1. Taking the highest mean first, how do the peptides 97-107, 179-189 order by number of other beta carbon atoms within 10 angstrom per residue?
2. Extension gain LYS255-ASP182, at 0.36 nm per residue separation less the Cα-Cα distance, in nm?
3. Where does each of PHE166, PHE75 land when they are ranked from fewest to most other beta-carbon atoms within 10 angstrom?
Amino acid sequence: MRGVRRFLSSRKISASSIGENTCKSLLRSPRFLSSSAIFSSLRNSTPFASRNPLKTPTSISSPWIAFGVQRRSMFIQTQSTPNPLSLMFYPGKPVMEVGSADFPNARAAMNSPLAKALFGIDGITRVFFGSDFVTVSKSEEASWDYLKPEIFAAIMDFYTSGKPLFLDSNTAASSDTAIQEDDSEIVAMIKELLETRIRPAVQDDGGDIVYRGFDEDTGIVKLKMQGACSGCPSSSVTLKSGIENMLMHYVPEVKGVEQESDPDEEASLVG
């Protein structure tokens, strides 16, 4: 880590010293046509009750009944994303304690009761868990008017069931941007920028970005887009004109950015 600090000091910059306004100006500039600048964000507050809502008695004589009534009521918010086929759902409760989880297909969701339930809805093609939101992607033929009530019900049923988010209690998010002892100073700087400045902006759009490596011979950084960012019409613009520009600006050794995909499309956990 002392080598990293010397590296940052020699350049007189650090990811933590990059101001939020500087970051936003780079990400939102004409050169960086970020998805947020291309598509407007819309948040709708949607109260939702269960499929079979409990009738609240005139007088509650049992504390257990009162607790049960409260559990059966949730206030779920939705937010649009730059990808018209993806929508963010905020249950008002934590989702992932650490990192994020991407489920590109139903087979990858078998370890998560919530993801499995969402894939049980006809028309759902992808599920993504963030810290406090769930991003759901649909097929082009499916209608949000039909899907949203079903998604609301699946999310509420999960949170009232008491089931764990993952059946395997040992499931943990890997830390793709954690600085390792054998990382070069260049890789350490790339990871710090991704974690502190780029990843938060991508997560605001209902997705995530995963670091997959840096080729010091070619100067190419390999990344993977997840959630709403995967398959988004503007993701390639965001990746090349935004993320690439920022990394090249602060780390001259970076010559470009390439998107990488998993051939097996397995669930990917990130932290």
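Since every read-out is calculated from the coordinates, none of them should be taken as a lab result. The model shown is predicted, which means the values in this text are computed figures rather than measured ones. Every residue, glycine among them, receives a Cβ derived from its backbone with ideal geometry; neighbour counts consider all protein chains shown.
1. Numbers: 97-107: 19.6, 179-189: 15.3.
Those peptides, ordered most packed to least, come out 97-107, 179-189.
2. Working: separation 73, 0.36 × 73 = 26.28 nm, distance 2.18 nm.
Between LYS255 and ASP182, full extension yields 24.1 nm more.
3. Details: PHE166 19, PHE75 11.
With the fewest neighbours first, PHE166, PHE75 line up as PHE75, PHE166.
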